[in-house]
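Where a number appears in this text, it was derived from the coordinates with a stated rule and is not lab data. Worth saying up front: this structure is predicted, and the values here are computed from it rather than measured. Cβ coordinates were reconstructed from backbone atoms using ideal geometry, including for glycine residues, and neighbour counts include every protein chain displayed.
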Amino acid sequence: MIYLLISILSSTAIFVLFKLLKKFNIDTLQVIVVNYFIAFFCGVLYYDGEVNPSEIVQSSWFIAAIMLGFLFIAIFNVMALTAQKNGLSVASVSSKMSVIIPIIFGIIVFNESIGAQKIIGILIALVAVFLTSLKEKGNVVLKQSIYLPLILFFGSGTIDTSINYFAPDDQIPLFSATIFAMAALIGVLLLSFRALKPKNSLTLKAIPFGVTLGIVNYGSIHFLLMALRVENTESSTLFTVNHIAILALSTIIGLLFFKEQISIKNWIGIVLALIAILLVTLA
């Protein structure tokens, strides 16, 4: 289970780094772009075969990698905004509850079994995402940023489903590197457009955060795929353990180190999230 453990720790570190970006007032997009270049180089260095661009373009998974590149940078930005506006635990719950989406995909595409317990679990999951999205300030519930956790929920679920479905068993580092390369190129275009506006110049302090984020970001994807293909455990079990562990660890870090205020509704949502995952997995 060492691959799964590394993936869990890497994914949790992503949420913590996003929280630190706000604390130190560092431009999120700049960090994300640097991160994707570093993640790309990690994939290339980890791949023990010869990197042939023409073979990559002609591979069966190249188009999927391009689409995932677009999705990665979009959802990464949403993840950062969610952690900063709604809190670390809310961002974690919203992204990790997206495990429901790969399960639904399995039911429709692979004709996996479905029963009342699984349906109830999915419905509870949706309620959990809503409750954990509510952020209180005084006695007023801030609902203007509820859309962020919802976008994060569906986006993360699509990413989890796609990387597991399209990743080639013998070229995981190269597949991951290609995704990150696409995301990096898109990020450069976005930064170039922003650079035309005043007060949007590149800052050096974004580089160390981007390097750190790139390493843990690559680790979260690579080692999850390795766990799915190497470890003798069903994918539904691995996804569930992965999501629950990240959720619990991120919530604890948010409480202890960032002094996040979690309301009763948030706690109910977190508990419902765990119940939903267990119901769907054990169905």
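Annotations for the structure displayed:
- Taken about its Cα centre, the chain carries a charge dipole of roughly 1500 debye when the Cβ of each Lys and Arg holds +1 and the Cβ of each Asp and Glu holds -1.
- For the chain, the membrane-span-like helix rule (DSSP H, alpha carbon extent of at least 18 Å along the helix axis, mean Kyte-Doolittle at least 0.0) picks out 2-23, 28-46, 62-85, 116-133, 147-166, 172-195, 206-230, 235-257, 264-282; this says nothing about an actual membrane.
- The ranking of 94, 236 from fewest to most other beta carbons within 10 Å of each one's beta carbon is 236, 94.
- For the chain, the relative contact order is 42 percent, taking Cα pairs closer than 8 Å that sit 6 or more residues apart in sequence and dividing their mean separation by the residue count.
- Both radii come from the Cα set of the chain: Rg as radius of gyration, Rh as Kirkwood radius; their ratio Rg/Rh reads 0.97.
- Working ranking of peptides 48-58, 211-221, 183-193, 115-125 by packing, defined as the average number of other Cβ atoms within 10 Å per residue, highest first, is 211-221, 183-193, 115-125, 48-58.
- Cα→Cβ-extended label distance, 7 Å offset, between residue 45 and residue 1, nm: 2.9 nm
- Rh (Kirkwood; distinct C-alpha pairs) - the stretch 153-274, Å: 17.5 Å
- A helix-only calculation puts the chain at -26500 deg cm²/dmol for mean residue ellipticity at 222 nm, using -39500 (n - 2.57) for each DSSP H run of at least four residues, averaged over all residues.
- Under 14 Å, Cβ to Cβ, from residue 34 - net charge with Lys/Arg +1 and Asp/Glu -1: 0
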